[in-house]
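Chemist: One structure, pasted below without further comment.
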Amino acid sequence: MAGAEAKKRPVRAASPRGGRPGGARFALWAFLGLLVLSLDQATKFWFERALDPGDVIAVFPGFNFVLAHNYGAAFSFLAEMGGWQRWVLSAFAFAVTAVVLRLLWKHNARTLFSLSLTLIAAGAVGNLCDRVSAGYVIDFLDFYWRNWHWPAFNVADVAICLGAAGIVVDEIRGA
C-alpha cells in the first residue's frame, strides 16, 4: 500500500476558466512578450539616437515624434523628487512583473487574460530597462489637439494600457 501511495502524484487543478497551468502556452506568451519588449527597446534606441530631447518631427496634424526623458511615473508624476523615485519605481515595476508572470503561469490558457498580462509585463520590463540603465524612461509619441498635448509616451506605455483594458474586458466578459 505504501508503494502505491508513493507513486501517486498530486494533480494540479485546472485554472478557473480552463486549461492547465504552465507548459507550452506560457512559452508562447513569453515569446510574444519578448517581441513587444524588443519593439519597445528598438524604437527607444532609434529615437534616442535620432533626436535630441525636445526635438519635434511633425508626422501629421495631431501627431508628432518628440524625444522626452521622463524621470517620474505616468504623466511625469514624481519627476522632480530628487532621484529616489528611480529606485522606488524600478522596484515597483519589478514587483508588478513578478506578480504578472506568476498569474500568467497559472492562467495561461485564458487567451485574452494571458495576452493582457503579457502586454503589461512586457511594458513594465521595457520601462524598467530604461529606468535602470538611463535613470529615465524614453518617450517619443506625442498626440495633440490644437495647443493641448497629451504627455509623450512610448510602446511600453501602449502595451501596459492595452493590457489593462484587456483585463477589464476579460473580467466583464467573464470568459
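The values are calculated or read from the model by the stated rules, or taken from the named source; none is laboratory data. Note that the coordinates shown come from a computational prediction; the quantities given were computed from them, not determined experimentally. For neighbour counting, all protein chains shown are included, and Cβ atoms are generated from backbone atoms with ideal geometry for every residue, glycine included. Areas reflect the complete protein model, heavy atoms only, side chains present, ligands, DNA and RNA absent. Shrake-Rupley method; radii C 1.70, N 1.55, O 1.52, S 1.80 Å.
Chemist: Apply the Debye scattering formula to the range 85-175, with a single equal point scatterer on each alpha-carbon and no solvent, then give log10 I(q)/I(0) at q = 0.21 Å⁻¹.
Modeler: -1.00
Chemist: OK, next. Measuring with a 1.4 Å probe in the full set of protein chains, what accessible area per residue, in whole Å², belongs to the range 110-175?
Modeler: Per residue, the range 110-175 has an accessible area of 48 Å².
Chemist: Sticking with this one: Peptides 47-54, 90-97: what's the order by average Cβ count within 10 Å, highest mean first?
Modeler: 90-97, 47-54
Chemist: For Arg102 and Arg173, FRET efficiency with R0 = 22 Å and r from the beta-carbon atoms, rounded to 0.05?
Modeler: Between Arg173 and Arg102 the formula returns 0.45.
Chemist: Describe numerically, in nm with one decimal, the distance between label points set 7 Å from Cα along Cα→Cβ at Glu48 and at Phe92.
Modeler: Distance between the two pseudo-spin positions: 2.1 nm.
Chemist: Let me ask something additional. Kindly rank 146-155, 100-109 from highest to lowest mean number of other beta carbons found within 10 Å of each residue.
Modeler: Highest mean packing first, the order is 100-109, 146-155.
Chemist: Sticking with this structure for a sec: Kindly rank 26-36, 112-122 from highest to lowest mean number of other beta carbons found within 10 Å of each residue.
Modeler: By packing density, highest mean first, the sequence is 112-122, 26-36.
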